[in-house]
Amino acid sequence: MPLYSETYGHRLSAGDERPVLVFLHGLLGSGRDWRQVVNELSPSYLCLTIDLPGHGHSNLLTPSGFEDVNQQIVQTLNHRNIRHYVLVGYSMGARLAMYHACFPCSESQAKLVGLVLEGGHFGLPAKERDSRLANDEEWAKRFDSESLELVLADWYLQPVFSSLNHDQRQSLIQKRSDNLGSGIARMLLATSLAKQPELKSKVEQLPFPVCYVCGENDNKFKCLAEKTGLDLTVIPTAGHNVHVELPHEFSMAVSHFLDRLE
């Protein structure tokens, strides 16, 4: 079943070789998180935002794992008659984008020609997976059973969000409190980092350009990206969520990447 999606901007005409830009959001987000970026890029490119399972208008869809979500993404692209595209993914969406690129689906009717990764983890070594799964199971239990505002207040105190100030945290808590807790819990477990294959070497060997974008203050993911052979763009003063904190700078990074595809 296709996921909920929306298109914006430039319509492709016959002979137009520009790729469609397909955006995958992070945990607790939705396609609307990309609105400011899409506003900048859609005059030149057709943009497609997708609500991933458990989120936005796809919040009642239940995923079983990475491959299941990958199939749903492919079905959405086919439904939208996408023929060639660039995937832009943030955090969980970046991990799903990597999986999608590394494990192509035979049902796909479209050609992936580029990948933009924002704050995405390449996968854990086997020895770290049990503890990560236990941690994700605890968060999923809380998302499923407690007040979302209370859970989010603790969620945004995690080290990865350390660059956020108090007002930014409160804004995110308010923004994300309209989620369905049970849907978030299911997606968190289905796409747990503990269940993700290690993708670093596969991503480095992809036959098309890959760009990794991260914030200057996102130390964890900046270090992960620096250990790869990928093209790395570091956005000054930004934290983990560059496309929300500095949408213009993120859009420019994507534009420069697209210029190199031509």
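The values are calculated or read from the model by the stated rules, or taken from the named source; none is laboratory data. Quantities reported herein were computed from a predicted structural model and do not represent experimental measurements. Positions of Cβ are backbone-derived with ideal geometry, glycine not excepted, and every protein chain shown enters the neighbour counts.
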Single unsatisfied condition, I50 versus (1) surrounded by fewer than 16 Cβ atoms within 10 Å (Cβ to Cβ); (2) at pLDDT 95 or above: (1)
Residue in segment 248-259 that is surrounded by fewer than 16 Cβ atoms within 10 Å (Cβ to Cβ), over 20 Å from L96 (Cβ atoms), of a type in the set (S, T, Y) and out of contact with any strand residue (DSSP E or B) (no Cβ under 6 Å at 6 or more places or on another chain) present: yes
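Taking the condition farther than 30 Å from L246 by Cα, of a type in the set (D, E) and in contact with a Ser or Thr (Cβ under 7 Å, 6 or more places away or on another chain), does D130 pass? Spell out how you get there, then give the answer.
Details: farther than 30 Å from L246 by Cα: yes; of a type in the set (D, E): yes; in contact with a Ser or Thr (Cβ under 7 Å, 6 or more places away or on another chain): no.
Taking the combined requirement at face value, the residue does not satisfy it.
Would you mind stating whether F208 is part of a loop (DSSP other than H, G, I, E, B) and at pLDDT 95 or above? Give the steps one after another, and end with the answer.
Details: part of a loop (DSSP other than H, G, I, E, B): yes; at pLDDT 95 or above: yes.
Judged against the criteria, F208 is a match.
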Considering residues of segment 227-238 that are out of contact with any Gly (no Cβ under 7 Å at 6 or more places or on another chain), free of Cβ contacts under 8 Å to residues at least 40 places away in the same chain and of a type in the set (V, I, T) only, the residue surrounded by the fewest Cβ atoms within 10 Å (Cβ to Cβ): T237
Given (1) within 29 Å of Y45 (Cα to Cα); (2) part of a loop (DSSP other than H, G, I, E, B), index of the condition P197 fails: (1)
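Residue-by-condition table, conditions (1) of a type in the set (G, A, S); (2) within 16 Å of L112 (Cα to Cα):
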| position | (1), (2) |
| --- | --- |
| G31 | yes, no |
| E40 | no, no |
| L48 | no, yes |
| V74 | no, yes |
| G89 | yes, yes |
| G93 | yes, yes |
Number of the condition not met by C214 [criteria: (1) hydrophobic (A, V, I, L, M, F, W, C); (2) in contact (Cβ under 8 Å) with a residue 40 or more places away in the chain; (3) closer than 17 Å to H121 by Cβ; (4) in a helix (DSSP H, G or I)]: (4)
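Can we say A97 is at pLDDT 95 or above, within 23 Å of A253 (Cβ to Cβ), in a helix (DSSP H, G or I) and not aromatic (F, W, Y)?
Numbers: at pLDDT 95 or above: yes; within 23 Å of A253 (Cβ to Cβ): yes; in a helix (DSSP H, G or I): yes; not aromatic (F, W, Y): yes.
Yes, satisfied.
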Segment 100-137, subset assigned to a loop (DSSP other than H, G, I, E, B) and among the aliphatic types (A, V, I, L, M), residue nearest to the chain's Cα centre (by Cα): L124
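Anything in segment 239-261 that is outside any helix (DSSP H, G or I) and without any contact (Cβ under 8 Å) to a residue 40 or more places away in the chain? List them, or say none.
Of the residues in segment 239-261, the ones outside any helix (DSSP H, G or I) are 239-241, 246.
Scanning segment 239-261 gives a single hit, L246.
Please work out if F122 is touching a residue at least 60 places away in the same chain (Cβ under 8 Å), surrounded by fewer than 18 Cβ atoms within 10 Å (Cβ to Cβ) and not basic (K, R). Step through it out loud before you land on a result.
Working: touching a residue at least 60 places away in the same chain (Cβ under 8 Å): yes; surrounded by fewer than 18 Cβ atoms within 10 Å (Cβ to Cβ): no; not basic (K, R): yes.
Considered against the rule, which asks whether it is touching a residue at least 60 places away in the same chain (Cβ under 8 Å), surrounded by fewer than 18 Cβ atoms within 10 Å (Cβ to Cβ) and not basic (K, R), F122 comes out as no.
Provide a single number: the residues in segment 19-47 that are in a helix (DSSP H, G or I) and either of a type in the set (D, E, K, R) or surrounded by 22 or more Cβ atoms within 10 Å (Cβ to Cβ) (or both).
Initially, segment 19-47 is screened for residues in a helix (DSSP H, G or I), giving 31-41.
Next, from what is left, pick out any that are either of a type in the set (D, E, K, R) or surrounded by 22 or more Cβ atoms within 10 Å (Cβ to Cβ) (or both): 31-35, 37-38, 40-41.
Within segment 19-47, residues that are in a helix (DSSP H, G or I) and either of a type in the set (D, E, K, R) or surrounded by 22 or more Cβ atoms within 10 Å (Cβ to Cβ) (or both) number 9.
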Residue count, segment 164-186 (criterion: outside any helix (DSSP H, G or I) and buried (at least 18 other Cβ atoms within 10 Å of the Cβ)): 2
